[in-house]
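Have a look at the structure below, then the notes.
The values are calculated or read from the model by the stated rules, or taken from the named source; none is laboratory data. All values reported here derive from a predicted model rather than from experimental measurement. Because the Cβ atoms are built from the backbone with ideal geometry, glycine has one as well, and the counts that use them run over all protein chains shown. The protein model used for the area step is the full one, side chains on, heavy atoms only, and it has no ligands, DNA or RNA in it. Shrake-Rupley method; radii C 1.70, N 1.55, O 1.52, S 1.80 Å.
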Amino acid sequence: MSKNVITMIKKELTRFFTDRRMLFSLILPGLLIYVLYSFMGNITSRMIEVDEDYEYQVYMVQEPQELEGLRLNENYDISLKTETLTKDEWMKKLENKELDLVILYEAEFYNKMLNYTVGSGDAPMVEIYYNSTKNESSELYNYYVGSLSYMESQLSNKFDINRSTDVKYDLASEDDMSIQMITALLPFLLLTFLFSGAMSVASESIAGEKERGTFATLLITPTKKSEIALGKIISLSIITLVSAASSFTGLMLSLPKLMSGSDFSISMYGFGTYALLFTVIISTVLIYVVLLALVSAYAKSIKEAGALAVPLMILNMLVGISSMIGPSTAKTVLYLIPVYNSVQSIISILSLEVNMMNLAITIATNFVFVAVGVVLLTKMFNSERIMFNK
Amino acid sequence: MKTLLEVKALVKTFNLSKKQQRIQKTKEKKKVAVNDLSFQAYEGEIYGLLGPNGAGKTTTLRILAGLIKADQGEAIVDGVSVTKNPDLVHSKIGFLTSELKLEDFFTPNYLYDYFSELHHVDKQVAKTRKEELFSKFGIDEFREVKVAELSTGMKQKVSLVISIVHNPNIIIFDEPTNGLDIITAKIVTDFLIELKKEGKTLILSTHIFSLVEKLCDRVGIIIDGKMAYEGYVSDINKESSLEDLFFNLYETSRGESHE
């Protein structure tokens, strides 16, 4: 690497890492992601979880003695309202969330149920009222409906499905389930963070310098245009990687909190996984920086660069969304498509099913694309129409 | 006398956008900014380029600095073709124009070191020269102040110092005293005289007659991209003033263009 390229990289890094505003904008996304996702996870778990010590308030009419066992389940601390309430009264209490459940059994429900045969008229009825906006109400409703439905199916039992409670019928491991969640979510988020990180620094460094007239000052030094292009791309890539590292760390730390309630873990990933992931991320960052540097060099201002980058951002998000479809079945030839190949490679790495040939094609393709981009950027820096046309 | 700068039959044409056509009230799609322009500058002289706004002075200087390319013709700087080897030319010239800005975020001290490195100036030489120039221009006490916080005059002085970090033999100044207060303008003009005494060749583009009369050995008057007059300033002042000569040429060119 030439001395001029190193000088330029040093200057660009000094620019970004000694400017508090810039540094803040690089580190902030990771912090925000962590806080936001942790908060979302916390809220979600609060929405579905019920306090262990909670005492359910239930109003029951004509409860058959034989079904009292349902109410005495040790998992649910149920307090039965003993006073007699009119329909209006218990409806109001349910609406006001003072009651969690109202169960109205038909008179002689249990006997009628035992004597009932299909086609002998109306089946005995039990009505269960609840308020779905209260977690505790929904929770107890689901318990009663589930229990009663199970009892009904037992009465006419002809066969069993998955009878044993000791056998694990779903053979997916906890790791597999975590991987499924991660591969659906992470590639999309990662691509979005990388792109938005590159977008802000590239437009500032290239379109911003053009706009402020400082780029022309650089052009009258003996520095070659190719050195300027290389210096910009390398320094912007380093800055974008720092931004991406911040976002990635925030994301990985907050994922277990976001997924709270499920058996989520990232312990199956070792150093090798992260190393491979980092390699793909570097090649992807370089592509983004090159693309956005070309856009920024073409634009007359930061504002115009931002506007021109929007279609690329949408395209990037669409490619990122493809990760949500599921595990990669992409043919090898598709690994020649930049960014798409990165998504597929990230999925395969996170799925712990890396195809080294596809990975090598991805990285090689991305680097070829970057080399072509550097040549194009050099040509643009040489073009007076692009650099001086105001 | 050794010729350090040779401009041979330069032609530069720009395409006009519809907006530019409207502003310039013309239906022509192209504008000839520089039209068959030739001149030479010798070692140790100050050559003035005088002309009204839009005459083609800045375009000519941009071509000399290798920022844009001429459609035709050639510019040779100290034996090196600007078209063929612009990077080498950049190491031989200093270029100061209000179009070229310094990054607001950095300090004069940082920028001096940065541009010295890009010009491959030896670190010790750069340091000595920096102290000398910073002291001469009163930049010392502002060396660690960000450019954004400097006054217009101080920014111009920093720009001037940075344009010559590599101690070039040919220095191109485009309106070097524009926007400066009288004290800073005096410091700059005195420095230009000092550079001439050191044997540097200076190309000075301006529209201030007194500046040309005070500083320049020879002057080229550009009107509508063409060299309307070229000669020694001392010869002009024997017969009439530079101002009278300029307006005579200008009126003549207006008359020709209206015929």
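A few remarks follow.
Per-residue answers, yes or no, for (1) out of contact with any Leu (no Cβ under 8 Å at 6 or more places or on another chain); (2) surrounded by fewer than 18 Cβ atoms within 10 Å (Cβ to Cβ):
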site	(1), (2)
B:GLU43	no, yes
B:GLY48	no, no
B:THR58	yes, no
B:LEU67	no, no
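- Considering the conditions (1) out of contact with any Leu (no Cβ under 6 Å at 6 or more places or on another chain); (2) open to solvent by less than 10 Å² (accessible area, probe 1.4 Å); (3) modelled with pLDDT of 90 or more, B:VAL212 is excluded by exactly one of them, (1).
- Residue within the stretch B:26-43 that is assigned to a loop (DSSP other than H, G, I, E, B), touching a strand residue (DSSP E or B) at 6+ places or on another chain (Cβ under 6 Å), more than 14 Å from every other protein chain (Cβ to nearest Cβ) and farther than 20 Å from A:ILE386 by Cα present: yes
- Filtering the stretch B:1-25 to residues that are at pLDDT 85 or above and in a strand (DSSP E or B) leaves B:THR3, B:LEU4, B:LEU5, B:GLU6, B:VAL7, B:LYS8, B:ALA9, B:LEU10, B:VAL11, B:LYS12, B:THR13, B:PHE14.
- Applying the criterion of being open to solvent by 30 Å² or more (accessible area, probe 1.4 Å) and touching a helix residue (DSSP H, G or I) at 6+ places or on another chain (Cβ under 8 Å) to the residues of the stretch A:89-112, the residue that is nearest to A:GLY69 (Cα to Cα) is A:TYR110.
- Test: A:LEU315 is open to solvent by 20 Å² or more (accessible area, probe 1.4 Å) and either in contact (Cβ under 8 Å) with a residue 60 or more places away in the chain or farther than 23 Å from A:MET268 by Cα (or both): yes
- Selection from the stretch B:87-110 of residues that are more than 8 Å from chain A (Cβ to nearest Cβ) and in contact with a Lys or Arg (Cβ under 9 Å, 6 or more places away or on another chain): B:GLY94, B:THR97, B:THR107, B:PRO108, B:ASN109
- A:SER45 being hydroxyl-bearing (Ser, Thr, Tyr), free of Cβ contacts under 8 Å to residues at least 60 places away in the same chain, open to solvent by less than 70 Å² (accessible area, probe 1.4 Å) and at negative phi: no
- Screening the candidates A:SER164, A:SER237 for the property of being modelled with pLDDT under 85 and over 30 Å from A:GLN57 (Cα atoms) yields one hit, A:SER164.
- Contact annotation: residue pairs with Cβ atoms under 8 Å, 6 or more positions apart or on different chains, pairing a residue in the stretch A:133-158 that is within 14 Å of A:TYR54 (Cβ to Cβ) with a partner that is open to solvent by 80 Å² or more (accessible area, probe 1.4 Å) and in a helix (DSSP H, G or I), are A:ASN135/A:MET47; A:ASN135/A:ILE48.
- Candidate set: the stretch B:139-153, residues that are open to solvent by 20 Å² or more (accessible area, probe 1.4 Å) and either touching a residue at least 40 places away in the same chain (Cβ under 8 Å) or of a type in the set (A, V, I, L, M, F, W, C) (or both); chosen: the one nearest to B:SER205 (Cα to Cα): B:ALA148
- Any hit, the stretch B:71-81, residues being surrounded by fewer than 19 Cβ atoms within 10 Å (Cβ to Cβ) and facing another protein chain (nearest Cβ under 10 Å): no
- Test: residue in the stretch A:238-252 that is touching a residue at least 40 places away in the same chain (Cβ under 8 Å), within 14 Å of chain B (Cβ to nearest Cβ) and surrounded by 23 or more Cβ atoms within 10 Å (Cβ to Cβ): no
- Of all residues in the stretch B:187-209, those satisfying the criterion of being open to solvent by 50 Å² or more (accessible area, probe 1.4 Å), more than 21 Å from B:VAL158 (Cα to Cα) and not β-branched (Val, Ile, Thr) are B:LYS197, B:HIS207.
- Filter result for A:TYR335 (open to solvent by 60 Å² or more (accessible area, probe 1.4 Å) and of a type in the set (Ser, Thr, Tyr)): no
- Lone qualifier among A:LEU218, A:LEU186, A:LEU194, A:LEU230 - being within 10 Å of another protein chain (Cβ to nearest Cβ) and part of a helix (DSSP H, G or I): A:LEU218
- The stretch B:79-111, residues that are more than 20 Å from the chain's Cα centre (by Cα) and touching a residue at least 12 places away in the same chain (Cβ under 8 Å): B:GLU103, B:ASP104, B:PHE105, B:PHE106, B:THR107, B:PRO108, B:ASN109, B:LEU111
- Residue list for the stretch B:53-90, filter: modelled with pLDDT under 90, on the phi < 0 side of the Ramachandran plot and touching a Pro at 6+ places or on another chain (Cβ under 6 Å): B:ASP87
- Applying the set (1) out of contact with any helix residue (DSSP H, G or I) (no Cβ under 7 Å at 6 or more places or on another chain); (2) without any contact (Cβ under 8 Å) to a residue 12 or more places away in the chain; (3) within 13 Å of another protein chain (Cβ to nearest Cβ) to B:VAL125 leaves exactly one unmet item: (3).
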